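**Student:** Attaching a single structure in structure tokens format; questions to follow.
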Amino acid sequence: MISAIAALNLLQEGNERFVAGFRSSSSRPSQRQRDKLVDGQNPFAIILGCSDSRVPAEMVFDQGLGDLFVIRVAGNVVAPSQVASVEFAAERFETRLVIVMGHSGCGAVEATIEELQLPVSSRSPNMHAIVGRIQPSVESLLDTNLKYDSGKLLEMAIRANIRSSANHLRHGSPILEDLIQTNGLLVVGAEYSLETGQVDFFDGMPA
């Protein structure tokens with residue numbers, strides 16, 4: 001079992017390689033790697049990220065087959081199925097690091113802001129599954145002066161949504177709470193920059 005700190009270091013180092021344009025040989029899939037994983041897996045980190053096609057976790061962190069347990073959903077929101085997926089990996093594989101990773105220019109967060117500025121009668125019922133989970137972390141920002149600066153509003157809303165999702169995992173599951181308190185599980189919020197390729201780990205980092 002890899003500790004949360006060691007796993008975090010591996011992700012940081014991998015992202016540095018990605019930003020620099022390098023790729024480690026271990027991240028390139030091979031028949032030998034596939035054969036080794038037929039009978040099981042041992043991912044060292046769980047990534048709950050956005051479905052955005054520009055943010056593939058394995059590439060962003062320069063990792064290979066079997067290294068990451070990746071859960072992707074628009075807006076990196078946390079619904080019961082996402083909680084269950086994190087619980088599954090944390091318990092079954094003893095994975096001790098969870099990264100909730102949003103990204104700059106997130107369309108789901110932007111859509112939420114747009115929806116909240118429409119009359120209720122004009123809002124899309126099909127978007128509610130996503131918007132409804134992002135809304136609590138965004139709504140209060142619309143009552144501040146940020147509403148006059150759409151760019152800054154989106155930046156702050158993206159970070160607020162990441163923090164909200166990370167906190168949901170930390171405090172919304174007795175299983176994960178117990179693993180955090182007694183078994184070294186760490187939940188960290190991070191933001192990927194579409195512009196630079198860098199991942200900023202900013203929420204829940206160990207001292």
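**Student:** With respect to Gln33, is the statement that it is surrounded by 13 or more Cβ atoms within 10 Å (Cβ to Cβ), part of a loop (DSSP other than H, G, I, E, B), in contact (Cβ under 8 Å) with a residue 24 or more places away in the chain and not hydrophobic (A, V, I, L, M, F, W, C) true?
**Tutor:** Values: surrounded by 13 or more Cβ atoms within 10 Å (Cβ to Cβ): yes; part of a loop (DSSP other than H, G, I, E, B): no; in contact (Cβ under 8 Å) with a residue 24 or more places away in the chain: yes; not hydrophobic (A, V, I, L, M, F, W, C): yes.
No, not satisfied.
**Student:** Gly64 versus (1) over 22 Å from Gly197 (Cβ atoms); (2) modelled with pLDDT under 95: which is the lone unmet condition?
**Tutor:** (1)
**Student:** Looking only at the stretch 96-131, count every residue that is part of a helix (DSSP H, G or I), at pLDDT 70 or above, over 19 Å from Ser193 (Cα atoms) and among the aliphatic types (A, V, I, L, M) and tell me the total.
**Tutor:** 6
**Student:** Still on this structure: Restrict the check to the stretch 43-52 and report whether at least one residue is in a helix (DSSP H, G or I), under 17 Å from Phe201 (Cα atoms) and either in contact (Cβ under 8 Å) with a residue 40 or more places away in the chain or of a type outside the set (S, T, N, Q) (or both).
**Tutor:** Filtering the stretch 43-52 down to residues in a helix (DSSP H, G or I) leaves none.
Looking through the stretch 43-52, none of the residues is in a helix (DSSP H, G or I), under 17 Å from Phe201 (Cα atoms) and either in contact (Cβ under 8 Å) with a residue 40 or more places away in the chain or of a type outside the set (S, T, N, Q) (or both).
**Student:** Moving on to the next point. Within the stretch 15-30, take every residue that is among the small types (Gly, Ala, Ser) and not in a helix (DSSP H, G or I) and give me the one that is nearest to Gln198 (Cα to Cα). Even if it seems obvious, please write down each step before you answer.
**Tutor:** Taking the stretch 15-30 and keeping what is among the small types (Gly, Ala, Ser), we get 20-21, 24-27, 30.
From the residues that got through so far, the ones that are not in a helix (DSSP H, G or I) too are 21, 24, 30.
Working: Gly21: 12, Ser24: 17, Ser30: 27 Å.
Here the residue is Gly21.
**Student:** Please identify the pairs in which a residue from the stretch 80-92 that is over 14 Å from Phe44 (Cβ atoms) has its Cβ atom under 7 Å from the Cβ atom of a residue that is among the small types (Gly, Ala, Ser), counting only partners at least 6 apart or on another chain.
**Tutor:** Val83/Gly172; Val83/Ser173; Glu87/Ser173
**Student:** Same structure again: How many residues does the stretch 182-199 hold that are within 18 Å of Val109 (Cα to Cα) and either modelled with pLDDT under 95 or surrounded by fewer than 20 Cβ atoms within 10 Å (Cβ to Cβ) (or both)?
**Tutor:** The qualifying residues number 3.
The values are calculated or read from the model by the stated rules, or taken from the named source; none is laboratory data. The shown structure was predicted, so the numbers you read here are calculated from the model rather than taken from an experiment. As a convention, Cβ positions derive from the backbone with ideal geometry for all residues, glycine included, and neighbour counts pool all protein chains shown.
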